[in-house]
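In what follows, a structure is listed as structure tokens, so that the remarks can point back to it.
The values are calculated or read from the model by the stated rules, or taken from the named source; none is laboratory data. Model, not experiment: these values are computed from the prediction. Here Cβ is always computed from backbone atoms with ideal geometry, including for glycine, and neighbour counts include all displayed protein chains. The area values use the complete protein model at the heavy-atom level, side chains included, leaving out ligands, DNA and RNA. Shrake-Rupley method; radii C 1.70, N 1.55, O 1.52, S 1.80 Å.
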There are 2 protein chains.
Amino acid sequence: MHRPRTLNHALATQVGETVVLQGWIHRRRRLAAVTFVILRDRSGLAQVVVKDAGTAQHVADLGEETVVAVTGRVTANTAAPGGVEVVDPTIQVLSDPAHTPPVELWRPSLPASLPTVLDHAPVTWRHPRRNATWRLAAASLRGFRDTLLAANFIEITTPKLVGSTTESGANVFEIDYFGRQAYLAQSPQFYKQTMVGVFERVFEVGPVFRAEPHDTVRHLAEYVSLDVELGFIQDHRDVLAVLRDVLAGMVEATTAYASDALDLLDVRLPVVPAQIPLLHFRDALTLVGADADEPDLAPEHERALGRWARDEHNSDFVAVEGYPTRKRAFYTAPQPDDPQWSNSFDLLFRGLELVTGGQRLHRYADYLRALDERGASTDPYESYLDVFRHGMPPHGGFAIGLERWTARLLEVDNVRETTLFPRDLHRLSP
Amino acid sequence: MHRPRTLNHALATQVGETVVLQGWIHRRRRLAAVTFVILRDRSGLAQVVVKDAGTAQHVADLGEETVVAVTGRVTANTAAPGGVEVVDPTIQVLSDPAHTPPVELWRPSLPASLPTVLDHAPVTWRHPRRNATWRLAAASLRGFRDTLLAANFIEITTPKLVGSTTESGANVFEIDYFGRQAYLAQSPQFYKQTMVGVFERVFEVGPVFRAEPHDTVRHLAEYVSLDVELGFIQDHRDVLAVLRDVLAGMVEATTAYASDALDLLDVRLPVVPAQIPLLHFRDALTLVGADADEPDLAPEHERALGRWARDEHNSDFVAVEGYPTRKRAFYTAPQPDDPQWSNSFDLLFRGLELVTGGQRLHRYADYLRALDERGASTDPYESYLDVFRHGMPPHGGFAIGLERWTARLLEVDNVRETTLFPRDLHRLSP
């Protein structure tokens, strides 16, 4: 048997030929005179028709999820899924017969609660809808990188073990590092900024860690951050323009690399307008009828802005610039004509915050002033701040949470559904 | 001044035009009648010629590494680097004048010890040779992914916070996870294996953590692991074939995306043969004159094999298969005809181990047996092993350390030179 393996999705091109398929028994249906075996491989499903009594008995003993090789003849059958099926099969078991799966994977939707799905993640990800979910996440990642590489960005990898906390001291995991105190990085913020001094345009895809005590559908203790930073900008709007292109690239990549997943999940693909609608924070407050002295946008404000963008601009995205400087991270550049506002933005996707970004301070003295104004010590930042004495260009950037992106794209509420193995207050396995 | 920025490497296409350059003052040379400013940007160096006395005085006040915009006219000059230079410049400072860099970055080689270079990493990476080093690492990453995506692999991201240690219990960083004991993942081994059950072919690029007490040129406490795993293999040689293609893709990518970096560092690019020379462990021992009962290859044996591969096969790579099963990780598949040997391999690059890989066990009972034979408990592995009851195909994979790859490619001894911000027994910053 030295035939090369045929993938299920290629069956239609091999009608009349004898092929070898390999995959998982997705479902068996035993009728009076015939047993149907639905075989699943990475490319999709295929129907195998068993009429031989011995083979049917063999199949009866092989539970769903058993891994098999099927050798048989491809025939056209308009009634079969994909218009083809495999007949007269011989079936070889490549692993042990599988135990009954914790959840019936052959049902169109997973018939289980989210905790059960997550407890059995290594198996439940095999469900076609779950599989499609991750394939859209992976395609998005690909689109993210492709867009940035085409725009002359370079990928960096920065350490997750750090000697001081780079952002707020809260929510940080502590670690014993050869007898010294260390922390898990909450973001690659300072590293990506310093690398602008080297490569001008950088990105990183990597885990970030938040000892997040909130048990919500939007928070994880570990998530994948898509970080971007670029130099020689005029202001935050140059950053927003790059973000726009990145989002467009991510959407396009889902079409290019996972269109079947889009179809299966019936995804309402967002349109990324050439110019993302942009409001000043001040005007956003007015628009949603909030008090002019509100320091931030509440969730209902964000939802209202999402509706406004959709209704007025036919856009699933809207950006808000100019958030109050005192409410943003200390490295945020103020708005030059009125420093109470900042050159930063949030991007909302369907009424939920997806991305935070903006222009950063790039002068050493400005960092000292910003930390002083917040009553913060420079001590934890010494080794990072030093670079700003050695010539840093005006720069800015943003970060997208991969899991949130996928959740928004698929319009699911809980980011745990779009994370391969989520980590939260209660969950540390599998 | 609304001219778009011109990158230094594009100057030769704009002779006679007035352009705006932006970058760092890399070097100044003041002669009697003229001052030369070498400007550095992400694309390379450019020469700016200052004759105006006022501008020359301005430049004298701007230290190396000051960030500037230069507006001037491009003229051909065969004596200038690249055959062009910018004359009659006006120079605008985009940041504060820079402090004197900790190391003279304009010298052809960094005139500093490795500790000094690492202590000032955010600045020293600006040196063209360091910059080129990382660009080759980044290009390799790109080649790694491109090769695998073209071969139908899918990218995964798996958690670095884990509830049990997945490999040996030694060298693991412990962490307080909301009052529970957790660990930093030493590898994504089990996750990538379980995901073969979902996607058949997966890869991951991410940090791994080793509480490595050895202070050597080859060990880091955190490094970037390029992990690959694939299902429906015959044995480990199918894995080795993928590794061969991945290495070829990585080498090609350095040429495609960073050929100037190859030139600058005078890299002796390896040839990846269509078939990587392959020896059985037993025969490797004989070849290097070691005792037949040696349990592993010593460094001098690996060097001897490297010389053999170069001399006999004109190859910078050689693979050794069949390492003694008891010396390999418990999930390693034994050689079917003689289980004292294993279906695993090491790949040596220029006489040093770069990659470990092989076929894994795929039956639940085999895992129980392997752990039992090693006197190990199944407890830490319960949540991972469960998937092997639910149909896992024959599979295998490998992992490449990015920093080691780059070090071998550039023929530098110390992996700290090829890591943006290395972490080791003594170093936790910057």
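Structure notes:
- Based on Cα contacts under 8 Å between residues 6+ apart, chain A shows a relative contact order of 14 percent.
- Relative contact order [Cα under 8 Å, 6+ residues apart], the range A:8-93, whole percent: 35 percent
- Per residue accessible area in Å² of the protein assembly as shown, where ligands, DNA and RNA are left out and the probe is 1.4 Å: 39 Å²
- On the rotation that sends chain A to chain B, the chain A Cβ lying closest to the axis gives residue and distance in whole Å as A:175, 3.
- Lysine pair number, Cα distance threshold 24 Å (strictly under), the protein assembly as shown, separation 8 or more or different chains: 7
- Working from Cα pairs under 8 Å separated by at least six residues, relative contact order for the range A:225-316 is 24 percent.
- Taking both sides together, the accessible area buried where B meets A is about 7800 Å² for a 1.4 Å probe.
- For the range A:90-101, Karplus couplings with θ = phi - 60° (6.51, -1.76, 1.60), whole Hz, Gly/Pro x: 10, 10, 10, 7, 9, 9, 6, x, 7, 5, 4, x
- Helix A:189-199 axis, angle to chain A major axis (alpha carbon atoms, nearest 10°): 90 degrees
- Prolate/oblate/rounded call for the range B:166-232, Cα gyration tensor, a/c under 1.5 rounded: oblate
- Equivalent ellipsoid, chain A (semi-axes from 5 times Cα gyration tensor eigenvalues, Å): 50, 23, 20
- The simple Förster model, with R0 at 30 Å and r as the Cβ-Cβ distance, assigns residue A:411 and residue A:245 a FRET efficiency of 0.80.
- Fraction of alpha-carbon pairs over 22 Å apart in the range A:31-113 - percent: 27 percent
- Sorted from shortest to longest, the distances between the residue A:213 label points of this copy and the other copies are 3.6 nm, with each point 7 Å from Cα along the line through the beta carbon.
- Global geometry of the range A:211-318, whether rounded, prolate or oblate, following the gyration tensor of its Cα atoms and the 1.5 cut on a/c: rounded
- Placing a label point 7 Å from the Cα of residue A:152 along the Cα-to-Cβ direction, the distances to the matching points in the other copies come to 3.9 nm, shortest first.
- Sorted from nearest, the other copies put their residue B:114 label points 4.8 nm away, the label point being 7 Å from Cα in the direction of Cβ.
- Amide H contacts of residue B:65: B:25, B:26, each under 5 Å away and 5 or more positions distant or on a separate chain (H built 1.01 Å from N in the peptide plane; Pro and chain starts excluded).
- In a simple Cβ point-charge model (Lys, Arg +1; Asp, Glu -1; nothing else charged), the range A:123-418 has a dipole of about 640 debye relative to its Cα centre.
- Once the gyration tensor of the Cα atoms in the range B:316-430 is diagonalised, the equivalent ellipsoid follows with semi-axes of 32, 19, 12 Å, ordered largest first.
- Heavy-atom accessible surface of the range A:123-418: percent carbon and sulfur, 1.4 Å: 44 percent
- Cβ-based charge dipole, the range A:233-341, positive-most Cα from A:280, A:257, A:314: A:280
- Size descriptor for the protein assembly as shown, Kirkwood hydrodynamic radius: 29.2 Å (Cα pairs only, one decimal).
- Whether the range B:66-130 is rounded, prolate or oblate, judged on the alpha carbon gyration tensor where a/c under 1.5 counts as rounded: oblate
- Between helix A:299-313 and chain A: long-axis angle, C-alpha atoms, 0 to 90°, nearest 10: 80 degrees
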